[in-house]
Each structure stands twice: as structure tokens, then as C-alpha cells.
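Accompanying notes for the structure given below.
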Amino acid sequence: MPYQLLRFALNKKYPEPCMFPTPERLKPRYDVVIIGGGGHGLACAYYLARDHGIRNVAVLEKSYIGAGGTGRNTAIVRSNYLTPEGVALYDESVRLFQDLSDDLDLNLFYSRRGHFTLAHSDASLRTMRWRAEVNKHLGVDSEVVDRQFIKAKCPEIDLDCGHNAPVMGALYHPPGAIARHDAVAWGYGRAACQRGVEIHQGTTVTGIRTEGDRVTAVETNRGVIETRCVLSAVAGYTPRITSMVGLRTPITVHPLQACVTEPLKPWLNVIMVSASLHIYVSQSSRGELVMGASLDPYEVHSTRSTLDFVEGLAGHLLELFPFLWDVKLLRQWAGLSDMTPDFSPIMGTTRIDGFLIDAGWGTWGFKATPVSGKTMAWTIAHGRDHDLVKPFRLSRFEEFDLVGEKGAASVGH
Ligand code: PYC
């Protein structure tokens, strides 16, 4: 190693910059305790501090930042949903994503690609038309396109899919984008800490204390914290947290698997999704093809990834892109998805005073990181649900007022 470099490395004048300070102790009291150090929890902490001046906030993460859904998703951002409530929510998120790298002073590799949802049947073409109409009505750029259009944007695709399920058309959504998912969590976490928020990694919540129907404290493996406001922003563990305050949600937890190939020269500059073939694929800025399929059909609390999954996925990938036959897989993994009966999230205040929820993000949570953070921070600061949050309140399930988003949640479930 050149001497100069060695001198630099050993010089205390240039310490390794640390993204997050690690506070040694929990304070006895915080104004807000956020359970879950994923993108949503950290974004909420950031907007609480930045927009509302609420800085005495602790984010409790039982593992490390972004260890859950934030670091395990396939990083797709879009707003071409089916319900007006969904479109409005995700459209605001896409808007916030545009300036987020500047805002957080961290390159999130946000890359606008254009998003295709392929239709292989009359029925799915009809759903795409429906989505396009809702989207256009709400000012979201989306249209149904024909085979020629798809081929022009992505010449490598085999639109006949090996004569199994020929593509008939697609919903095309130009604002569809990808971003570096873990950087989103790091950026929000760093910016929140710079404003006084504390992030406590390795801190497990073991109980939530209430008096009557009001939150009073959070119990952790590192001690008890007094607080009058708790936000649960976890995935996979929501039922465990809500049971601590006696709340029930209709969430079921399913694994969602994903994988990446070895890096390839850039060739795919769109995001390609086929619900019929159960596949979504994009190419990351590193050149890897990032891919996934539908949920595992069984309810299980495991992040083990299976051979069965990659075999099925590879088969469908080759139906669309046969020339990839000798590309190698680099790694595969799984995350936990909180599924709701209507394929929409659960957000906002609950009947327990001071207990708020940001959950049920199924397979669509990453793209909502900025909007969930901003609107949940607003909800905490004002003590009532933000307008974008209202349709997603927990009580909608007992009021039979669902937000049916199955047709647009992502791939088939
Ligand atoms: O909602 O765009 C989406 C998505 C892609 C993969 C999983 N969900």
C-alpha cells in the first residue's frame, strides 16, 4: 500500500464518517417511539423532525436498519394503481421520490425507466384499460399500448412467449422507476439523526403498556420507555405488536422471494411485469437483473428462499427473454409480506389513544416510503388522520369500506 494512503488511513484527523450515531442508552422518555427501523419508520422520524419540529423521537429496530422489507424488495416505484385512493397515495410518493436524493443529500440512484404491465388475455387487457382510465383521470401518466409499442421500447422481448401466452398489449406507465432501496433507509435515517432523532438498533420491543385505552410506555430488552405516542411500522411482526395493545388486524404473513443475476451490460431500460407469468424484472444500475414472482402461497414466518422459486421464475423469464438462457443467478432471498384482504395498507390512528399503525404493505411498501413517512408524521403531529391516510384506516374492515387494490397490487397473488 502506498505510504501516503497508509498515513491517511491511520490519521485520526480523517475518521471514518459514521452514518448514524449509536446512542449508548435509551432515554427514560420520548415524545414519539417508532417501532421498526425500516424505510417507513425512518421516513416518519425524519418528517416529524423536519416538518413538525418533533425531535425527541426514538426509532427502535430489533435488528439493523433496513433488515426487513426495505432491504429485500425489488425497488420498484410507480403509481399506476386501480383505486382513486391508491393512485392518489402512490402518486404523491412518486412526486416525493423525484427530489429525495437532493433532500437527503444522498444519491438514491433514482432512475425513471417506464413500467410495462403485460396483458396476455382479453380479461387482463380490460383491467389495464380500467387502470389507465382511473390513472389518467387523476393526472397519472398511464396508457394501454400495443405490441409494436412494447417491441419498440424493448426489442429483446419475445412477445409470443414461446407460443404459450402471447402478449396482447400492456399498461405503460412512463414514470415507473427504480431506486437503491437500502440507500433510502440510510438517507432517511441519517437525515433524521442530524435533526436529533435517536436510532436504537438491536432493540426489541417486548410489550406496550396502556392505562385504560391510552398508551403510556414501551417495554424493550433494554428497559422501559415512557411515551404517549407509539407508531408500529414493522413488516412481518405487525400481529405481534398489535396484540400488545389488544388490537386485531386481518393481516396474514407470507414470504415473498426475489433474486438477482450476475451483472450484465445494460440492455433492459424498462421495468417489465407480467401478472400472468408471475414475473417482474428490471436491470439495476449495477447491471444485475432484479426479479421476483408472486407470494409464496403458504403462511409462514420464514425468510428462506427455495429452489422451487428460482426454477419457476427462470422458466417464465425465458418465455419473455429466451436469450438469457445461460445467465447465472448471483443470489436469492425472501422477505415477509403483511397481506391484507383488500391488498391495501393499514395506516393511521387506532381506537387505542396514542397507538398508530403503518402496516399491511404486502408487496407494495417500498414505493410508498416517502408518502407513508410524510403522512404518518402529519397524523402524529395533528392527532388525526391525514386525508391521504383516511381511506386506509384499520376500522375500514369492520365498516365494510374496503379499498380493493388486487388488480394493481403487483403480480398475481
Ligand atoms: O408493486 O410494483 C410492485 C411490486 C413489484 C414487485 C413486488 N411488488
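The values are calculated or read from the model by the stated rules, or taken from the named source; none is laboratory data. Keep in mind that what you see is a predicted model, and the values were worked out from it rather than measured. FYI the Cβ positions are ideal-geometry reconstructions off the backbone, even for glycines, and counts take in every protein chain you see.
Let's see how each residue does on (1) within 21 Å of E143 (Cβ to Cβ); (2) of a type in the set (S, T, N, Q); (3) within 18 Å of the chain's Cα centre (by Cα); (4) away from the ligand (no atom under 13 Å from the Cβ):
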{"position": "A67", "(1), (2), (3), (4)": "no, no, yes, yes"}
{"position": "R72", "(1), (2), (3), (4)": "no, no, yes, no"}
{"position": "T83", "(1), (2), (3), (4)": "yes, yes, no, yes"}
{"position": "L96", "(1), (2), (3), (4)": "no, no, yes, yes"}
{"position": "D99", "(1), (2), (3), (4)": "no, no, yes, yes"}
{"position": "D103", "(1), (2), (3), (4)": "no, no, no, yes"}
{"position": "L108", "(1), (2), (3), (4)": "no, no, yes, yes"}
{"position": "R112", "(1), (2), (3), (4)": "yes, no, yes, yes"}
{"position": "T127", "(1), (2), (3), (4)": "yes, yes, no, yes"}
| said: Here is a check on your reading of the model: is D387 more than 16 Å from the ligand (Cβ to nearest atom), in contact with a Cys (Cβ under 8 Å, 6 or more places away or on another chain) and not small (G, A, S)? | reply: no
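Out of the residues in region 260-296 that are in contact with a helix residue (DSSP H, G or I) (Cβ under 9 Å, 6 or more places away or on another chain) and free of Cβ contacts under 8 Å to residues at least 60 places away in the same chain, state the one that is nearest to the ligand (Cβ to nearest atom).
Only one residue fits best here, namely V281.
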| task | Go through (1) touching a Ser or Thr at 6+ places or on another chain (Cβ under 6 Å); (2) at pLDDT 95 or above and name the single condition H278 misses. | result | (2)
| said: When you scan region 68-82, do you find a residue that is in contact with a strand residue (DSSP E or B) (Cβ under 8 Å, 6 or more places away or on another chain) and of a type in the set (S, T, Y), even just one? | reply: yes
| note | The residue from I54, I35 that alone is touching a strand residue (DSSP E or B) at 6+ places or on another chain (Cβ under 7 Å) and either crowded, with 24+ Cβ neighbours inside 10 Å or of a type in the set (K, R) (or both) is I35
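Wholly within region 206-249, which strands (runs of 3 or more DSSP E) include no fewer than the required count, namely at least 2 residues that are under 20 Å from the mean Cα position of the chain (by Cα)? Talk me through it step by step, then tell me what you get.
Details: elements: 214-220, 223-226, 230-232.
Hits in region 206-249: 230-232.
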| remark: Filter region 122-163 for residues that are in a loop (DSSP other than H, G, I, E, B) and out of contact with any helix residue (DSSP H, G or I) (no Cβ under 7 Å at 6 or more places or on another chain); the one that is surrounded by the fewest Cβ atoms within 10 Å (Cβ to Cβ) is P155
| remark: By my count, helices (runs of 4 or more DSSP H) wholly in region 1-109 with at least 3 residues that are under 22 Å from S372 (Cα atoms), at pLDDT 95 or above and hydrophobic (A, V, I, L, M, F, W, C) are 39-52, 84-98
